Ligand code: NAI
């Protein structure tokens, strides 16, 4: 038995980042993780491996569609799927080992196994009980079952994002249930690899919660890339054999039922907090109606000394939100002032083009009755984007009509996931659109499109 200032349960982006910050702040820290490797869903079966496959399949797309235009001639590369998966696994390994190295460097003990909390101040792993003045639950999330439908996941024919990252072969036909982030990212990967992908979505628009102009443009671009969409349809059931599946869905507009066959069905209808086995019931930890751990403004649960962060609590299920909470809760435990600005958390979809968003959408501003102005600039007016065949999409900046203060930004286009951070920093500093417009942006960069959108909030953009 060992005694710690802090024990963190879960070694994902929330947990491992929190552990590092705790150690940096001089706290004796341990992290409990039952997986063979650190890094949680994000590094092992989520963000990182999907980005590797997105990168590889994007390169193939470039070779097939754009190389010849640039005078790069020759046979298009063929796909060695085993090698592509090996590359992805290598990327995972490099990242998870990197976290292990950081633990050693910061003298954080990795307690291997699955933890539970028998009482405040104690964490049980296997037969051992460890003492901790503070406990941080960072146990993450798991795929939720398709709501209201009869679907059994076998991770072979009917898969979640986990199974979709290790399919034994590239399917001929794939049905994706849910046009959210996971469905569109993984759908993009397989569509580029030659799979016929059909996405079935309950709502009438893809990517719920995004700016509706972005939703429309995004769907149009994905359609052009070969993805099929069945909108306004609720999946009822999936009948699967060992090699095939039939998906039955009902159209909301007239209740008519139809079926579609696939080699693989990807269930991507959201995730739910993972809190199994922690002993939270017995400990008396308060939960929200949606099964999340309830916390106060300092991430403390109703049990003193027990904190929770990341996907297990309220808020967007994003690795970077968990990381921010991980750092902030460490500061709180160390007696400092941890803070997360939930109004400025970017969201990114890593398709091609990328989609990125921060702050309010135009739809939200309308609903809230806020007087706003829109500055929009299309990437067709950006020299760099045109040079690399990425002129599709736009930057849309929303600013307060009276004060010019930036309220939100929505980008679909090249490098959107990086470009958005200029606006995030601006929003943290309370910037106006004019502040961005008056900042010199290097030419030729994609970022000029952001400046042009800011100019469009004032006297007008130059290149449109
Ligand atoms: P999601 O919540 O983004 O989307 C789920 C979609 O499924 C919704 O559009 C919903 O209307 C639809 N749906 C629900 N039931 C249905 C039914 N019976 N038939 C048809 N459609 C149905 O969930 P997703 O994509 O599974 O992602 C889970 C979480 O992981 C999200 O919170 C997401 O933000 C996060 N994530 C973030 C990534 C990123 O930041 N790039 C990448 C992957 C996941």
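The values are calculated or read from the model by the stated rules, or taken from the named source; none is laboratory data. Here the structure is a predicted model, which is why all the values come from computation and not from measurement. Reconstructed Cβ throughout: ideal geometry from the backbone, glycine too, with neighbour counts over all protein chains shown.
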Take the residues of region 155-180 that are closer than 30 Å to residue 367 by Cβ and buried (at least 23 other Cβ atoms within 10 Å of the Cβ): which is nearest to the ligand (Cβ to nearest atom)? 178
Taking region 378-397 and keeping residues assigned to a strand (DSSP E or B) and closer than 17 Å to residue 216 by Cβ leaves 378, 394, 395, 396
Taking residue 282 as meeting all but one of (1) more than 16 Å from the ligand (Cβ to nearest atom); (2) surrounded by 12 or more Cβ atoms within 10 Å (Cβ to Cβ), write down the number of the exception. (2)
Can you pull out every residue in region 315-331 that is touching a strand residue (DSSP E or B) at 6+ places or on another chain (Cβ under 8 Å) and without any contact (Cβ under 8 Å) to a residue 40 or more places away in the chain? 316, 318
On the given criteria, is residue 197 without any contact (Cβ under 8 Å) to a residue 60 or more places away in the chain, in a strand (DSSP E or B) and either over 20 Å from the mean Cα position of the chain (by Cα) or within 15 Å of the ligand (Cβ to nearest atom) (or both)? yes
Could you tell me how many of the residues in region 136-154 are within 9 Å of the ligand (Cβ to nearest atom) and outside any loop (DSSP other than H, G, I, E, B)? 2
Please specify each residue of region 239-280 satisfying the condition of being farther than 23 Å from residue 166 by Cα and more than 29 Å from the chain's Cα centre (by Cα). 253, 254, 255, 256, 257, 258, 259
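Residue-by-condition table, conditions (1) assigned by TED's automatic domain parsing to the domain that holds residue 11; (2) within 15 Å of the ligand (Cβ to nearest atom):
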| position | (1), (2) |
| --- | --- |
| 301 | yes, no |
| 320 | yes, yes |
| 355 | no, yes |
| 364 | no, no |
| 373 | no, no |
Give me a count of the residues in region 80-101 that are under 18 Å from residue 15 (Cα atoms) and out of contact with any helix residue (DSSP H, G or I) (no Cβ under 6 Å at 6 or more places or on another chain). 4
Would you say residue 312 is more than 30 Å from residue 248 (Cα to Cα) and either surrounded by 21 or more Cβ atoms within 10 Å (Cβ to Cβ) or touching a residue at least 24 places away in the same chain (Cβ under 8 Å) (or both)? yes
Looking only at region 257-272, and only at residues there that are within 11 Å of the ligand (Cβ to nearest atom) and part of a strand (DSSP E or B), the one that is surrounded by the fewest Cβ atoms within 10 Å (Cβ to Cβ): 272
Just checking, does region 121-136 include any residue being touching a helix residue (DSSP H, G or I) at 6+ places or on another chain (Cβ under 9 Å), surrounded by 21 or more Cβ atoms within 10 Å (Cβ to Cβ) and touching a residue at least 24 places away in the same chain (Cβ under 8 Å)? yes
Out of (1) in contact (Cβ under 8 Å) with a residue 40 or more places away in the chain; (2) under 26 Å from the mean Cα position of the chain (by Cα), what's the single condition that is false for residue 55? (1)
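Which one is farthest from the ligand (Cβ to nearest atom), of the residues in region 201-216 that are part of a helix (DSSP H, G or I) and buried (at least 21 other Cβ atoms within 10 Å of the Cβ)?
Across region 201-216, the extreme among qualifying residues is 214.
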Would you mention how many residues in region 224-244 are closer than 14 Å to residue 260 by Cβ and either within 10 Å of the ligand (Cβ to nearest atom) or in a strand (DSSP E or B) (or both)? 12
Tally of residues being without any contact (Cβ under 8 Å) to a residue 24 or more places away in the chain and either under 16 Å from residue 167 (Cβ atoms) or part of a helix (DSSP H, G or I) (or both) across region 66-86: 6
